[in-house]
There are 2 protein chains.
Amino acid sequence: MSHPPLIIDVTRGSLVESRHRCIAAVAGPDGGVVRSWGDIEQPVYGRSAIKPLLALALVETGAADAFGLGDAEIALACASHSGEPRHVETVRAWLRRIGLSAADLECGAHMPYDEPSMRALVAAAQTPDAAYNNCSGKHTGFLTTAVHLGEPTRGYIRYEHPVQQRLLGVLEQVCGLDLSEAPRGVDGCGIPTIGIPLGNTAMAMARLADPVELPPERAIAAKRVVAAMMAEPYMVGGRGEFASVLMEEAAGKLALKPGAEGVYAGILPGQGLGICVKAEDGTSRAAQAAVGRILEELGVFDAAERRALADRLTPPVLNRVGLEVGRIRPAEKAAF
Amino acid sequence: MSHPPLIIDVTRGSLVESRHRCIAAVAGPDGGVVRSWGDIEQPVYGRSAIKPLLALALVETGAADAFGLGDAEIALACASHSGEPRHVETVRAWLRRIGLSAADLECGAHMPYDEPSMRALVAAAQTPDAAYNNCSGKHTGFLTTAVHLGEPTRGYIRYEHPVQQRLLGVLEQVCGLDLSEAPRGVDGCGIPTIGIPLGNTAMAMARLADPVELPPERAIAAKRVVAAMMAEPYMVGGRGEFASVLMEEAAGKLALKPGAEGVYAGILPGQGLGICVKAEDGTSRAAQAAVGRILEELGVFDAAERRALADRLTPPVLNRVGLEVGRIRPAEKAAF
């Protein structure tokens, strides 16, 4: 029997205007579930939230060291970056280091999420190339591993390619599952995305937080990936981005990563806990408020951090002239 | 006892990735509910979906005729327009006709929803004024009525102002309710928004579709408002906008209007029916798919229209390179 989902309300004036349901789990590295909301056996596409798991291969294959990658690059491999100049330039420099360019990225292109960066491009009448794609760091990490291991780079996004098969192996090990028959789809950036029970994804995140259950090489990679995310929060997201802001404010306490369709993964090294959240309806506002509630329940923030993050954890709803007209916050009753 | 909600699934590959619940009602002008999903007694802010109701005052006070307004202006009074040049220029010309300017609009400003229009502004290093606000037509309608009746224009967005009190009276009559104690909030554009049971909003839309139950002056206004929306679908939304596209394709069969937080109102003059949809989670993709399902159930589209609108009624989910990776569509099972 599952616990009720975590309910997030969006208020306006005297009414709850909209309501979200989130599935969520907090797990330890042994798979023990500390806290759960909703049916955590449900398979969920981790989307970009599991990029920290996908970055393990970059480190443990030796590719990261072979090309002298630092925290900035490893953080970018875990990133959904906002396409600001420093993100894009770091990706380009990294691609040059492995003898490739943005033309080798198979993720497609889109406008930067960061509005000033988007406006600067538009004002310069420029079209973004694939280096601007929020996943360009992850893809550059994939290419780096392929180059390091002498694999073909072309077609690295296909399920059958050694890069993706290696990632599947990592996921099976850290999630403790045979994923050969798991539900499968194509992610926004073209790579396979695998349906994994939410509780298992939380456990995988716990294994990044405390790699005691991981094989030695993978444990070293896990520590390096989490340390890079916490050292370079800006590279993982961008200016003002929810996860970046939380990682900057509560520095060293957590690594946090969003994914499309309302997924969040959290890593709490100090507590050895992993978190996975999925907003049933795919909205990030719901997933963020759920993450806020869970981090609060786990006592992650001190009083000063809680004050500094108040408008992130339960954000105001603003109208067009900037007046607060409501709030996004956990429902007052536990369940509905 | 209410029927189950209307469930909209977002698929990706072999999995339902996200799921939405919608409340919806189809009503006749006498308030009889033809079909319902979820708890339609629940108070819902109609937001911009009820602009056609708010436009009644513009016509029935004589203001529209006094200033020689045509279908374009009346459609704009019902619009959430996308800020394209023709929208903005028509609003500016209308404001000049009543002796005012964009500086008199109290709705605030935002970038055009239409991307080419947004890019053109950015490329020209221009900042949008309030004429670009998607609600600028509605606000110009409010100002027109105030000028016509000799009321002060300043503060016309406040609950206590004659403009808003008049709208409250219209809503009470068309919805058949005393709204003095109804839940209330502030809309994105600054005006009061009133919580009205969803079934009553559907009935109000049915009264626009078939004004037999309305007082004579209001009935004339209703016919004119609905005719203007159907004559000028582009003015009600914009290029490629969901409701505009449906109104263009099924010309003369329906008037349709979205509102923020997943609300849609539909008017079917031929059938004398009104529709109101609210996506519980506030997402427009869910509300649109629900509208599609309901219009299908009501037999609104012929085979050619259904084919032309297929990618609107159950839209594909595309990845960054434009590959179809899923669909947004009603759940296969009726309820969950």
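Worth pointing out:
- Residue identified as in contact (Cβ under 8 Å) with a residue 24 or more places away in the chain, away from chain B (no Cβ under 14 Å) and open to solvent by less than 10 Å² (accessible area, probe 1.4 Å) among A:LEU254, A:LEU298, A:LEU273: A:LEU254
One line per residue, one yes/no per condition, for (1) within 25 Å of B:THR193 (Cα to Cα); (2) over 16 Å from the mean Cα position of the chain (by Cα):
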residue: B:LEU58; (1), (2): yes, yes
residue: B:ALA79; (1), (2): yes, no
residue: B:GLY99; (1), (2): no, yes
residue: B:ALA102; (1), (2): yes, yes
residue: B:VAL122; (1), (2): no, yes
residue: B:THR127; (1), (2): no, yes
residue: B:ALA130; (1), (2): yes, yes
residue: B:THR153; (1), (2): yes, yes
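- Test: A:ILE220 is among the β-branched types (Val, Ile, Thr), more than 15 Å from the chain's Cα centre (by Cα) and either modelled with pLDDT under 95 or not in a loop (DSSP other than H, G, I, E, B) (or both): yes
- Looking only at residues in the range B:108-125 that are among the small types (Gly, Ala, Ser) and within 15 Å of B:ARG86 (Cα to Cα), the one that is farthest from the other protein chains (Cβ to nearest Cβ) is B:SER117.
- Taking the range A:137-155 as the range and being within 14 Å of another protein chain (Cβ to nearest Cβ) and either in contact with a Pro (Cβ under 7 Å, 6 or more places away or on another chain) or buried (at least 22 other Cβ atoms within 10 Å of the Cβ) (or both) as the test, the residues that pass are A:LYS138, A:HIS139.
- Here B:ALA290, B:ALA286, B:ALA331, B:ALA308 are screened, and the one residue that is within 14 Å of chain A (Cβ to nearest Cβ), in contact (Cβ under 8 Å) with a residue 12 or more places away in the chain and over 16 Å from the mean Cα position of the chain (by Cα) is B:ALA331.
- Checklist (1) of a type in the set (Gly, Ala, Ser); (2) touching a residue at least 24 places away in the same chain (Cβ under 8 Å); (3) farther than 28 Å from B:ILE194 by Cβ; (4) surrounded by 18 or more Cβ atoms within 10 Å (Cβ to Cβ) applied to A:SER244, failing item: (2)
- Sole residue being within 14 Å of chain B (Cβ to nearest Cβ), touching a Lys or Arg at 6+ places or on another chain (Cβ under 6 Å) and more than 23 Å from A:ILE267 (Cα to Cα), chosen from A:GLY185, A:GLY190: A:GLY185
- Listing of strands (runs of 3 or more DSSP E) fully contained in the range B:10-84 that carry 3 or more residues being in contact with a helix residue (DSSP H, G or I) (Cβ under 8 Å, 6 or more places away or on another chain) and open to solvent by less than 10 Å² (accessible area, probe 1.4 Å): B:15-27
- Which numbered condition B:GLY262 misses (of (1) more than 14 Å from chain A (Cβ to nearest Cβ); (2) at pLDDT 95 or above): (1)
- Looking across the range B:314-327, just one residue is among the charged types (D, E, K, R) and either within 19 Å of the chain's Cα centre (by Cα) or surrounded by fewer than 15 Cβ atoms within 10 Å (Cβ to Cβ) (or both), and that is B:GLU324.
- Just one of the listed residues (A:ALA79, A:ALA24) is of a type in the set (A, V, I, L, M, F, W, C) and either under 30 Å from A:LEU121 (Cβ atoms) or free of Cβ contacts under 8 Å to residues at least 60 places away in the same chain (or both), namely A:ALA79.
- Hits in the range B:94-141 - residues which are of a type in the set (A, V, I, L, M, F, W, C) and out of contact with any Leu (no Cβ under 8 Å at 6 or more places or on another chain): B:ALA103, B:CYS107, B:ALA109, B:MET118, B:ALA120, B:LEU121, B:VAL122, B:ALA123, B:ALA124, B:ALA125, B:CYS135
- Residue check, B:VAL33 at pLDDT 95 or above, more than 22 Å from B:GLU241 (Cα to Cα) and more than 14 Å from chain A (Cβ to nearest Cβ): yes
- Subset tally (residues that are acidic (Asp, Glu) and either touching a Gly at 6+ places or on another chain (Cβ under 8 Å) or within 20 Å of A:ARG47 (Cα to Cα) (or both)) for the range A:247-275: 1
- Any hit, the range B:302-313, residues being open to solvent by 60 Å² or more (accessible area, probe 1.4 Å), of a type in the set (Asp, Glu) and under 30 Å from A:ILE157 (Cβ atoms): yes
- Restricting B:ASP187, B:ASP178 to residues that are under 20 Å from A:LEU323 (Cα atoms) and among the charged types (D, E, K, R) narrows the list to B:ASP187.
- In the range A:210-237, the residues that are of a type in the set (Gly, Ala, Ser) and surrounded by fewer than 24 Cβ atoms within 10 Å (Cβ to Cβ): A:ALA219, A:ALA227, A:ALA231
- Criterion violated by B:SER180 - all others in (1) away from every other protein chain (no Cβ under 14 Å); (2) of a type in the set (S, T, N, Q); (3) surrounded by fewer than 24 Cβ atoms within 10 Å (Cβ to Cβ) satisfied: (1)
- Check on A:GLY240, within 26 Å of A:SER117 (Cα to Cα) and more than 14 Å from every other protein chain (Cβ to nearest Cβ): yes
- Any hit, the range A:58-73, residues being touching a residue at least 12 places away in the same chain (Cβ under 8 Å) and within 11 Å of chain B (Cβ to nearest Cβ): no
The values are calculated or read from the model by the stated rules, or taken from the named source; none is laboratory data. Just so we're clear, the structure is a prediction, and the values are computed from it rather than from any experiment. We place every Cβ from the backbone using ideal geometry, glycine too, and count neighbours over all the protein chains shown. The accessibility values were calculated without ligands, DNA or RNA, using every heavy atom of the protein model including side chains. Shrake-Rupley method; radii C 1.70, N 1.55, O 1.52, S 1.80 Å.
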